[in-house]
Every structure is written in C-alpha cells, then in structure tokens.
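The values are calculated or read from the model by the stated rules, or taken from the named source; none is laboratory data. Owing to the predicted nature of the structure, the values given are computational and were not obtained by experimental measurement. Here the Cβ positions follow ideal geometry from the backbone for every residue, glycine too, while neighbour counts run over all protein chains shown. What goes into the accessible areas is simple: the full protein's heavy atoms, side chains included, and nothing from ligands, DNA or RNA. Shrake-Rupley method; radii C 1.70, N 1.55, O 1.52, S 1.80 Å.
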Amino acid sequence: MKKILLMATAGLLAFASCQEKAGYTIKGTIEGVAEGDTVYLQNFVDGSLVKMDSAVVKGGAFEFKGTPDSVTVSRYVTYRKNGMRMTAMVFIEKGDITLNMGAEANKVAGTMCNDAYQQFMDKFVAINKEMSEIYQKSKTDTTLTDDQRKDLEKQLAEKDSLGTEMVYNCINENINNLVGVQLLTSYANAFETAKVKALLDKVPVTYSADKDIVALKEHIATIEKTEVGQKFIDFAMNTPEGKEVKLSDFISQNKYTLIDFWASWCGPCRAEMPNVVAAYNAFKAKGFGIVGVSLDNNAEAWKKAIKDLNITWAQMSDLKGWSCEGAKLYGVRAIPATVLVDQEGTIVARNLRGEELAAKLGELLK
C-alpha cells in the first residue's frame, strides 16, 4: 500500500514538475513567402541578431516550440530572402502565442506580454498614421491658407502630446512586466526626468540589473547634475585650429552662453542652424554668446560645415563622434541639443530650439 502511495505521489510530483516547466508555442503565419523557406527565432546581442532556432514555412505557416526561462524575454522572428526583410518582436513566456507576419504590419497575441505589446502597437501605429497624414497635408497641399497651415501645425502638436501621454500611460500600466520595462528604455527621452525616475522606481527587481535599465539610471543621474538650476560642468576640447579651450573661457565673457551640441553629419542640426545663426546675430550685442560642441569625428567635414552654415562663434570638439566626452557629461543622447548658461555658471534652460530660443533670449536680454 505504501509503495502504491509513493508511486502515486511520485507521479503527482512529476506532473507538477511538468506543469512548472510548461513550454511556449509560437504558431505563425507569414505573407508572400515561398513554400519551404526558413524563418528564424533570434536574440539581439550586442547590436546583432543571433540565431537560436529555425522553422520551415509550410502552407504559409511555421511553428516554434521551447521552454521559456523563468523570466520573460523578448526575441525576434525574422525572414530574409531575395531582398524581402520581415522582423517581428515576440515575448517568450509560457502559453500559446500566435504571430501573423506581413509586409505592412505584424500581429502577436496569446499571452500577457504579447497581448499588452500588441495593444500598445495598435495605438502607436494609429496615432502615428494620423500625424503623418496631417504632416503630409501641411507640406504638400498648395491650396492651404496660412491660417489653415497653422491650424494643422497646432493639430500635429496636440497629436504629438497625446501620443507621448499614451506611451507613458502604457509604460506605467505595464511597468511590472517586460513590456513596460522595454518601452521605458526605448522612450525615456520623451519624458521629463521626474517622470522617468518615478517609473524606474517601479521596475521589478527581476529586471533591475538589465543593462538597459542600469544605463538609463546612470543617464538620469547625469541629467540631474545638469538640469536647470544646476551649475554647468566645465570641460576642455580643441578648436578647429587645434587650440585647447574650456567652456568656462566663454561663459565668463557673456551674460548668457548657449552650449550647442551638433555635428556636420546631423540633418536636424543643419536644419536648425539658421535659427541659431539668427538668434546669435539678434542678441550678440546684448551679451549673448555660443559655444558649439561638435560630435564630429572628421575634422575636415566639421570645418567645411562651419563655413557652409555661416557659423561665426566659438567651436570645440574632441572628434570622438557619439563618444564625445562633453556630450556624455551633459547626458546628450540626441542632437541638436542645447544648454543655456548664465554668466555665473547656472543652467537656465535646456534644449531650446527655433522660436523658443529667440523667445527665451528676448525675455532674458531685454
């Protein structure tokens, strides 16, 4: 009797063990792919996709099976052949996952994280489509009046604000799982530092050591050191002529100094430069100065852009591109980026562009 009981108990334990190790299944369909072609399940490691599994397409369908880690991870289902490229992100977790891959869009469903991610993508794609339509109309419709064009620009700004709010809310709702964590590291630059910190405080311990989360925490700490109200951080670099100069050399000379992070290869920087030139010409007699910090790595390209863009103010660079030491000190992850500093070295504004820059200078240098 005891032996039967022990065998029954062992059977229950084995069943429980199997239940705990329940696997995942990805049942997928893919459009426009030949019979017998191969799709791959891949991991993203150090900037490159690494193949983990493969599946042959039969009747437009494919399937992956496996046992997930104890922690949910994201992987990529990819297809590459004859110039056709398709990639879909999938969250690997216990359960039956469905994935429909198409040239225009992908749809994933079936488990908690995949459902949450698809809900986010549906909203994200929809609002971006609306914004794209408004933008295209404002740029291509020659029948629009100035007032109508301004109204479209206002609509675009409102949609952008709503989109940012939607992304933040989605992250907040999912911050206890990998969907929220990954979206946070992807879109953190769109939010105020305080909001990002609030979300970081909610990240589960499971993901606290994630390299992207660790990097984001370090970035936020850097940003806090150079927020409005903080003292500027000095650094030295070379001018185009090879002379070493410091930020402090210029800040002490002007009532207000704009630290302008840019590069010759940066399209948005070149597009913004006429606004910077106009602001400099309008306010330099009132004590306004600029120091350009270039994220170039080619000295000749840097010098040529200075001439072509009518830049007449001080310039400095270490020619390290995105590894620019000055940019790191100020947490610059995208350019153009600006930091406005008063003569005492206090930061009074960040990332002023276009009309905002002129308006702020008009307010400060009456």
Practice task
Using only Cα atoms, tell me the angle between helix 178-187 and the longest principal axis of the chain; keep it within 0 to 90° and round to the nearest 10.
Solution key: 20
Practice task
Would you mind computing Rg(Cα) / (2.2 N^0.38 Å) for region 238-355, counting N as its residues?
Solution key: 0.96
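Determine the order of Val125, Val276 by accessible area, beginning with the largest, at a probe radius of 1.4 Å.
Largest accessible area first, the list is Val125, Val276.
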Problem - Dipole magnitude (debye, nearest 20) for region 138-261, charges at Cβ of Lys, Arg, Asp, Glu - result: 260
Handout entry: Cα long-axis angle, helix 267-283 against the chain (0 to 90 degrees, to the nearest 10)
Key = 30
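Identify the GluC sites (Glu not before Pro) of region 144-190 meeting these criteria: DSSP loop state and at most 11 other C-beta atoms within 10 Å of the C-beta.
none
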Handout entry: Relative contact order of the chain, pairs being alpha-carbon contacts under 8 Å that are 6 or more residues apart, as %
Key = 11
Handout entry: Nearest-20 debye value, the chain charge dipole, Cβ charges on Lys, Arg, Asp, Glu
Key = 600
Completion exercise
In Å³ per residue, the alpha-carbon convex hull of the chain encloses 201
Exercise for the section: Please work out how much accessible surface Met237 shows to a 1.4 Å probe, ignoring ligands, DNA and RNA, in Å² rounded to 10. Expected result: 10
Handout entry: Packing-based ranking, highest mean first, of 139-151, 246-258 given that Cβ atoms within 10 Å are counted
Key = 246-258, 139-151
Completion exercise
The answer for GluC sites (Glu not before Pro) in region 304-366 that fall in a DSSP coil and have at most 16 neighbouring Cβ atoms within 10 Å is Glu344
Problem - Pairs beyond 27 Å (Cα-Cα), from Lys211/Lys304; Lys139/Lys304; Lys123/Lys328; Lys284/Lys304 - result: Lys211/Lys304; Lys139/Lys304; Lys123/Lys328
Problem - Proximal aspartates and glutamates to Lys94, defined as alpha-carbon separation beneath 16 angstrom and excluding residues fewer than eight positions away on the same chain - result: Glu20, Glu63, Asp69, Asp115
Handout entry: Inverse mean reciprocal Cα-Cα distance (Kirkwood Rh) of region 204-293, Å
Key = 16.0
Problem - Considering only the chain, percent of DSSP beta bridges that pair antiparallel, nearest 5 - result: 75
Practice task
Report the accessible area of Thr38, computed with a 1.4 Å probe over the heavy atoms of all protein chains in place, in Å² rounded to the nearest 10.
Solution key: 50
Completion exercise
One finds, for Thr145 and Glu224 with R0 = 51 angstrom and r their Cβ-Cβ distance, a FRET efficiency to the nearest 0.05 of 0.65
Problem - Accessible-area order (highest first, 1.4 angstrom probe) of the listed residues Lys202, Lys307, Lys360 - result: Lys307, Lys202, Lys360
Problem - Alpha carbon convex hull of region 174-242, volume per residue in cubic angstrom - result: 125
Completion exercise
Connecting every pair of Cα atoms under 10 Å apart in the chain and solving the GNM, the largest mean-square fluctuation among Phe288, Phe64, Phe235 falls on Phe235
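How do Thr72, Thr78 stack up against each other in accessible area, from largest to smallest, with a 1.4 angstrom probe? Could you put the intermediate results ahead of the total?
Values: Thr72 30, Thr78 0 Å².
Correct descending sequence by accessible area is Thr72, Thr78.
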